[in-house]
Amino acid sequence: MCGIVGLFLKHPQREPQLGALLASMLATVTERGPDSAGFAVYGAPAEDLKITLRGPNEAALGAAIAALEAATGRPFAAALRDTHAVLPVPAGTEGEVRTWLSANAPGIDVVSAGRRMEIYKEVGLPEAVATRFDLAGMAGSHGIGHTRMATESAVTTSGAHPFSTGRDECLVHNGSLSNHNDLRRRLTRAGLSFATQNDSEVAAGYLTWRMREGASLRQALEASLSDLDGFFTFVVGTETGFAVLRDPIACKPAVMAETEDYVAFGSEYRALVGLPGIAAASVFEPEPARVYVWERH
C-alpha cells in the first residue's frame, strides 16, 4: 500500500502555489506510506540541463561538486537542498559529468535530469521529507508525489519514488508488477540502466524506451497494458504535463478532480479536499485501462 498525489495547474498565474498545495496533499496520505516519500516538481525551463544529485549530506555534495569543478575547469552554480543538489550543466556535457561522478564520487547518485524537472526523495515521514526540501516554497506548472510502504524491498532512499530514467520523465506507482525481472533484462539489452531492483523503476524505464522508439506518452502507456503484468496505478510526469493510468482490474484506489484551474490526483479523496475550489470540482474515479493525459505547451 502506497500513496500517490499529483497536481497539474492549467494557468501560469497559479504556479507559485504548486509546492504548498502538493506538500499538503503529500502529508495527507502519510498513512498509506510512512517509511519514505518523494516528489517531482516541474518549474520554469532552465537554459542548461539540470542534474539532481543525492548524497549523504550537504558537505559531501559540496565536496564532490568542488572536485568536479577542479577536474573539468568549469564552475557549476549548484543549488544545495539538504541531501540533494541541483547541478546545471551545459548542453552536451551530461555524459562527461555522469562519467566523472560515477568514477570519482562514491556515494553521490544521480536522481534525475531535465530542463524543468527536479526530484527529491528521502526516508522518513512525508511531511518531514517535504519540509527538509522546502517543497512548500517551490513553484511550477505540475508535480507528482509518492509515499511508500515498502513491502517487497528494504526501506531506503534509493527505493523511494519517483523514478526517472529519461530527461524530464518520471513515474510514481502503487501496485506490483510480476514480470519486471524479465522486462529489466530486455530493457538493459536495449541500452537502459537501472540503479535499483524496484519494479517501479522498470516501469519508468519501459515508458522511456517506448518514447525513445517514437511513441507518444499516450501510446507508451497504452502499450504497457499488454506488456506489463500485475496491478498498478501510474502517475507519470513529463516536461509538458502529466498522465494517469490504472491497470484493467484497477484494484488500487484512485480519485481525480478537475476545475478550470487544475487537475488533481489522489489515492484517497481526502488528499484533494484542501485544494481551492474543490467543492465545485468535477470529481471522478479514473476508469480502468484508460489513459488520461493533460499537457501545457
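The values are calculated or read from the model by the stated rules, or taken from the named source; none is laboratory data. Please read these numbers as outputs of a predicted model, since none were measured by experiment. We place every Cβ from the backbone using ideal geometry, glycine too, and count neighbours over all the protein chains shown. Please note that ligands, DNA and RNA were not included when accessible areas were found on the heavy atoms of the full protein model with its side chains. Shrake-Rupley method; radii C 1.70, N 1.55, O 1.52, S 1.80 Å.
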So, relative contact order of the chain in percent, Cα under 8 Å, 6 or more apart, is 25 percent
Run the numbers for residue 44 and residue 77: contour at 0.36 nm per residue of separation, minus the present Cα-Cα distance, in nm.
10.2 nm
Under the 7 Å Cα-to-Cβ spin-label approximation, residue 57 and residue 30 lie apart by a distance in nanometres of 2.6 nm
Using R₀ = 30 Å, calculate the FRET efficiency as 1/(1 + (r/R₀)^6) where r is the Cβ-Cβ separation of residue 260 and residue 226; round to 0.05.
0.25
From largest to smallest, what semi-axes in whole angstrom does region 26-150 give when each is the square root of 5 times an eigenvalue of its alpha carbon gyration tensor?
27, 16, 11
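About the Cα centre of the chain, what is the dipole size in debye to 20, counting +1 per Lys and Arg Cβ and -1 per Asp and Glu Cβ, all else neutral?
Charge dipole of the chain: 300 debye, to the nearest 20.
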Env charge @ residue 9, Cβ radius under 15 Å, K,R +1 / D,E -1, value -2
Area accessible to solvent at residue 151, 1.4 Å probe radius, in Å²
110 Å²
Report the normalised scattering of region 161-297 as log10 I(q)/I(0) at q = 0.13, 0.14 Å⁻¹, calculated by the Debye formula with identical scatterers on the alpha carbons.
-0.55, -0.63
With a cap of 14 neighbouring Cβ atoms within 10 Å, and only residues DSSP puts in a loop, list the GluC sites (Glu not before Pro) found in region 28-98.
47
In nanometres, the difference between 0.36 nm per residue of separation and the alpha-carbon distance of residue 98 and residue 283 is 62.3 nm
Whole-number D in µm²/s for region 28-70 (Stokes-Einstein; Kirkwood sum over Cα pairs; 25 °C, 0.890 mPa s):
179 µm²/s
Probe of 1.4 angstrom, ligands and nucleic acids ignored: what's the accessible area per residue over region 52-114, in square angstrom?
44 Å²
Restricting to Cα pairs under 8 Å and 6 or more apart, the percent relative contact order of region 154-206 works out to 44 percent
Using the Kirkwood formula on alpha carbons, the hydrodynamic radius of region 52-114 in angstrom works out to 11.5 Å
Roughly how many Å is it from the Cα centre of region 21-41 to that of region 164-195, as a whole number?
23 Å
Note down the magnitude of the dipole of region 142-260 about its Cα centre, charges +1 on Lys and Arg C-beta and -1 on Asp and Glu C-beta and zero elsewhere, to the nearest 20 debye.
320 debye
Excluding residues fewer than 8 positions from residue 50 in its own chain, the lysines with Cα under 25 Å of it are 10, 121
Once you put a point 7 Å from the Cα of residue 188 and another 7 Å from the Cα of residue 176, both along the Cβ direction, what distance in nm separates them?
2.2 nm
For region 77-214, compute the orientation-averaged projected area of the C-alpha convex hull (one quarter of its surface), in nm².
9.5 nm²
In degrees, nearest 10, range 0 to 90: what is the angle between the Cα axis of helix 180-189 and the longest Cα principal axis of the chain?
40 degrees
For region 52-114, what's the relative contact order in percent, using C-alpha pairs closer than 8 Å and at least 6 residues apart?
47 percent
Most fluctuating of 240, 93, 83 in the GNM of the chain (C-alpha, under 10 Å) is 93
Between helix 58-72 and the chain, what is the angle of the helix's C-alpha long axis to the longest principal axis, kept within 0 to 90° and rounded to the nearest 10?
50 degrees
When the Debye formula is applied to the Cα atoms of region 181-262, each taken as the same point scatterer, what base-10 log of I(q)/I(0) results at q = 0.13 Å⁻¹?
-0.45
Cα lying deepest toward the dipole's positive end in the chain, options 244, 19, 278, charges on Cβ
244
For residue 13 and residue 150 in the same chain, what is the full-extension length gain: residue separation times 0.36 nm, less their Cα-Cα distance, in nm?
45.6 nm
5 Å binning of all Cα-Cα separations within the chain, expressed as whole percents from 0 upward:
1, 6, 13, 18, 20, 18, 13, 8, 3, 1, 0, 0
Output the Cα-based Rg and Dmax of region 247-290 in Å, rounding Rg to one decimal and Dmax to a whole number.
10.9, 32
